[in-house]
Amino acid sequence: MATILIVIFVVGYLFIALEHNLHIDKAASALITGTLCWAVLVLGWHEAPAHLVEAYQAFDHGDGGHGTLKVFFEHRLLHHMEEIASILFFLLGAMTIVELVDAHNGFAVITDKITTRKKGRLLWIIGILTFFFSAALDNLTTSIVMISLLRKLIADKPTRWLYAGAVIICANAGGAWSPIGDVTTTMLWIGGQLTTPVIVANLILPSIVCMVVPLTIMSIRMKGEVERPKLLDPDEASDPTSKGERNLIFAMGVSGLLFVPIFKTVTHLPPFMGMMMSLGVLWLTTEVLHRSKNEQERKTLSVVGVLRKIDTASVMFFLGILLAVAALQEAGHLILTADWLRESLGDVYLINVAIGLLSAIVDNVPLVAASMGMYPIADPGATEWLGYFVQDGLFWQFLAYCAGTGGSALIIGSAAGVAVMGLEKIDFVWYLKRMSLLAIAGYLAGAGVYWLMFGLGA
């Protein structure tokens with residue numbers, strides 16, 4: 001069973017990594033991988049590891065000796081689905097809010113104010129804007145928004161690709177220090193490994209360095225001015241929203257996303273509850289705001305219409321891959337991997353740096369999910385090695401940084417990179433030659449800053 005599980009997982013990952021070559025959506029591969037892993041786990045019960053047999057015996061005893069294998073595995077699966085569902089509902093709510101703001105052309109509030117043509121100055125404006133947008137929204141959505149902006153600002157494709165590469169690096173750096181900026185940081189936040197004040201306070205400086213180093217190198221090389229594309233005059237009459245409506249929805253959308261961590265801190269309810277509340281308020285507002293418009297306009301500006309634009313394939317991908325990781329956790333593979341990393345590297349900082357670089361090849365979502373399964377949250381009184389794994393421990397903090405920013409090393413290493421690659425048709429080899437070393441330099445510089453902050457005196 002153990003070997004078959006690993007083979008299925010590796011083959012599934014190959015299909016995911018080669019998505020563009022095979023022309024098979026990675027969501028399909030992830031769903032098949034996740035469900036097959038659980039099927040093998042159940043059908044291969046006779047070869048189950050000792051810890052799983054002990055768990056079943058405890059479950060059977062707790063059920064008065066009447067707990068069947070079917071009930072046991074349903075119980076284990078639903079236990080994992082509780083956490084998976086929280087992540088998926090959170091993502092659905094966030095994606096819907098952002099799409100609603102975009103449907104109202106709300107992001108024009110920011111983009112219309114960029115007038116400079118100087119390459120160096122524009123690079124810093126784009127980079128800083130991406131960095132903070134990513135923290136407030138998320139790195140995937142921010143990348144999509146910024147590519148749309150770049151197409152309005154830069155006509156030359158090779159030049160635009162350089163800025164697009166910078167967007168990937170800055171979006172991942174910006175998402176790492178915010179509980180809602182990157183799905184991996186969100187997973188650690190939802191899972192209880194990290195709390196909002198610690199994420200922001202301890203990771204913002206390494207993340208800034210991760211952004212500044214590549215931008216500094218790039219800006220030194222960039223000279224002259226960008227060529228703006230020739231755009232047709234916008235037809236104001238065709239826009240169903242007024243300036244006031246655009247500003248209102250933009251402000252409410254961003255405020256709603258920023259409200260989520262506050263809601264969790266005050267109520268201690270799961271973050272997706274705060275996201276659903278923000279979505280509900282924005283939904284109600286748009287319904288009232290556009291009630292006098294014709295049916296077609298209301299349809300395009302309502303949540304019902306926006307839901308059709310949501311990237312549900314990404315949600316299905318997360319579902320499949322998290323199911324697969326949960327199966328590996330149940331089979332004990334993650335425990336073995338944790339022991340191997342501990343014995344081979346022997347240092348939590350080196351372990352996290354390795355995980356971050358590995359996330360450039362393997363999606364960072366399952367890597368973080370695997371780490372959460374490999375290293376359970378330790379008791380508050382834990383000392384020495386286990387002291388790194390308590391809530392808000394240094395291991396979890398550094399994992400959020402490394403997993404969030406390490407994927408920038410390759411264009412397929414992050415959701416932001418994959419999105420930009422698809423939108424701009426950037427070649428994998430081009431990014432490898434032009435951007436990978438810059439991304440790695442920023443990643444290692446930020447990691448070094450974190451080590452100077454916390455690891456030097458450890």
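Just so it is clear, none of the values below were taken in a lab; they were calculated from the coordinates. Note that the coordinates shown come from a computational prediction; the quantities given were computed from them, not determined experimentally. With ideal geometry, Cβ positions are generated from the backbone for all residues, glycine too; neighbour counts draw on all protein chains shown.
Return the ratio Rg/(2.2 N^0.38 Å) for region 151-235, where Rg is computed over Cα atoms only.
Cα Rg divided by the expected 2.2 N^0.38 Å: 1.45.
So, how do all the Cα-to-Cα distances of region 1-132 break down into 5 Å bins, in percent, from 0 on up?
2, 8, 10, 12, 12, 11, 11, 9, 7, 6, 5, 4, 2, 1, 0
What is the packing order of peptides 167-176, 367-376, taking the mean over residues of other C-beta atoms within 10 Å and listing the highest first?
Highest to lowest by the protection proxy: 167-176, 367-376.
Order of 180-187, 241-248 by packing, highest average Cβ count within 10 Å first?
Those peptides, ordered most packed to least, come out 180-187, 241-248.
Please arrange 398, 132 by counting, for each residue, the other beta carbons lying within 10 Å of its beta carbon, fewest first.
Ranking 398, 132 by Cβ neighbours within 10 Å, fewest first, gives 132, 398.
Give the relative contact order (percent, whole number) for the chain; include only Cα pairs under 8 Å separated by 6+ residues.
24
Step through the table entries 119/309; 119/433; 243/293; 230/299; 119/157; 264/309, compare each Cα-Cα distance with 23 Å, and write down the pairs that go over it.
Where the Cα-Cα span goes over 23 Å, the pairs concerned are 119/309; 230/299; 264/309.
Restricting to Cα atoms and excluding each atom paired with itself, what does the Kirkwood estimate give for region 86-151 in Å?
Computed over region 86-151, the radius equals 12.8 Å.
Nearest 0.05, what FRET efficiency do residue 433 and residue 291 give at R0 = 51 Å with Cβ-Cβ as r?
E between residue 433 and residue 291, to the nearest 0.05, is 0.40.
Using Cα atoms only, what is the angle between the long axis of helix 139-153 and the major principal axis of the chain, expressed in degrees (0 to 90) to the nearest 10?
Tilt relative to the chain: about 20 degrees.
Eigenvalues of the Cα gyration tensor times 5, then square-rooted: what semi-axes does that give for the chain, in whole angstrom, largest first?
Those come to 38, 27, 21 Å.
Applying a 10 Å radius around every beta-carbon, put 8-18, 88-98 in order of their mean neighbour count, most first.
88-98, 8-18
Tell me the angle of helix 243-267 to the major Cα principal axis of the chain, expressed in degrees between 0 and 90 and rounded to the nearest ten.
20
Quick one: the Cα spread of region 168-310 along its three principal axes, in angstroms, biggest first?
52, 50, 24
Among 110, 135, 92, flag the residue with its Cα farthest along the positive direction of the charge dipole of the chain, charges on Cβ as +1 for Lys/Arg and -1 for Asp/Glu.
110
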